[in-house]
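The values are calculated or read from the model by the stated rules, or taken from the named source; none is laboratory data. Here the structure is a predicted model, which is why all the values come from computation and not from measurement. Reconstructed Cβ throughout: ideal geometry from the backbone, glycine too, with neighbour counts over all protein chains shown. Areas reflect the complete protein model, heavy atoms only, side chains present, ligands, DNA and RNA absent. Shrake-Rupley method; radii C 1.70, N 1.55, O 1.52, S 1.80 Å.
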Amino acid sequence: VWSTDINGSLTYIETTGAHRAGPALKSPWGGHHYGIAVDADGQIWLAGWDHGRVLRYRPDRTNFTSLKSGTWSRFNMPGGVHTRGIAVDGRDKVWVAIHEGSVVSIDRRLPDGVHNLSNTKNRWSVKASTVIGVGVDFNGHIWAIGQGNDTASRIEVDAKGTVLTPSVSQQKTVKVGRNPYTYSDFTGYGLINFVRPS
């Protein structure tokens, strides 16, 4: 089980046997973490609330002890934004909630290292405001959760992960309860597709 905290630590717990906890891992770039997701290869993705970047940790899965010897990568978002929630789909896309009212997608297969995505074309504005969460539904569409205006906005995506309705006027937006608050796998997509439910 992988866990993060707001102070920027990433750690893990063995869920069988001795139930050991691993050490607190820190990225070379610091910062606070917010959302956390895992992909089909067991890579850990982290977004943060005090910066405009996404981090990926690729653990060395040789054994429990080697998990701490993985590699970190950084993905810089467009300037002036803050990342919040994060989700991974089954089409090699990582979806990032941008606090200021948009969603960004990243190719999860990018190599290790630092990537400048400040001019990415894979960013879509949504009607939801103060976007704190993003999730993948079981039809593959992407939902942005707007805490600021009590809404959820759906971005329609095709089978390859290409956004079909990039303009705000064509998006599906629904009112939800007051101040919705979620930033990880609120649809259960990651649970069903990438982790062992037990």
Consider region 1-40. How many of its residues are open to solvent by less than 40 Å² (accessible area, probe 1.4 Å), under 25 Å from residue 182 (Cα atoms) and not in a strand (DSSP E or B)? 9
Looking at region 172-185, I want the residues that are assigned to a loop (DSSP other than H, G, I, E, B) and have a partner that is open to solvent by 70 Å² or more (accessible area, probe 1.4 Å) and among the hydrophobic types (A, V, I, L, M, F, W, C) with Cβ atoms under 7 Å, at least 6 apart or on another chain. Which pairs are those? 185/191
Checked 168, 195 against criteria (modelled with pLDDT under 90, aliphatic (A, V, I, L, M) and over 16 Å from the mean Cα position of the chain (by Cα)); the one match is 168
Here is a check on your reading of the model: is residue 152 closer than 30 Å to residue 27 by Cα, assigned to a strand (DSSP E or B) and open to solvent by less than 40 Å² (accessible area, probe 1.4 Å)? no
Per the filter on region 48-82, residues among the small types (Gly, Ala, Ser) and either at pLDDT 95 or above or out of contact with any Leu (no Cβ under 9 Å at 6 or more places or on another chain) (or both) are 52, 66, 69, 70, 73, 79, 80
